[in-house]
Amino acid sequence: MQKKELKQMESLLLVRKNILLREVEERVKKYKDANSGKLTDIAEIASSVSNGDLEMLVAEEDARELKQIEDALARIRAGHYGNCEQCGRAIKKARLKAIPFTTLCVSCKEEEEKECNDKSAQAKYEWESTIGNSENGEMEELDKKYMGRKMAEFELDDRKN
């Protein structure tokens with residue numbers, strides 16, 4: 001990658017970093033303001049907890065993206081930016097423009113996702129086999145839906161990591 005392009009990517013990453021930092025500050029202020037009053041009603045308390053959980057999830061995602069941005073900036077400074085960490089080939093410029101903190105080329109990312117999907121499918125099969133071999137042999141319909149949602153959450157978390 002040429003110096004001019006690296007500078008552009010660095011600028012793009014720094015702008016995104018500053019935007020994220022401002023959003024985090026606003027979110028923290030909003031959360032503090034919303035929770036500064038006394039909560040008296042059960043519904044208010046439940047809503048506050050629910051909103052707090054959502055704020056934490058968003059904050060965790062922002063922190064993850066900030067870390068990826070910092071890592072990308074470090075790769076630029078070290079002269080390794082734009083190279084796939086898996087295969088070592090150059091990552092296409094279009095991909096870098098779309099996801100400036102990416103560490104994998106398209107081929108390696110597709111392979112990674114395929115492996116994650118294979119692992120998720122295997123875990124789901126093993127889980128369903130375990131459930132099928134339980135003492136009573138049946139689960140209530142609500143329990144099945146709950147476990148399905150939990151499995152989907154785990155699969156989503158696995159894909160993010």
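Where a number appears in this text, it was derived from the coordinates with a stated rule and is not lab data. Source: prediction; values computed, not measured.
Potential lengthening of the chain between LYS92 and ARG77 amounts to 3.5 nm, from the contour at 0.36 nm per residue minus the alpha-carbon distance. One chain, two ends: MET56 and LYS114. Fully extended at 0.36 nm per residue, the span grows by 18.0 nm beyond their Cα-Cα distance. Length gained on full extension, LEU12 to LEU66: 18.1 nm, using 0.36 nm per residue less the C-alpha separation. Residues whose amide H falls under 5 Å from that of ASN83, counting only those 5 or more places apart or on a different chain, are ILE91, with hydrogens built in the peptide plane.
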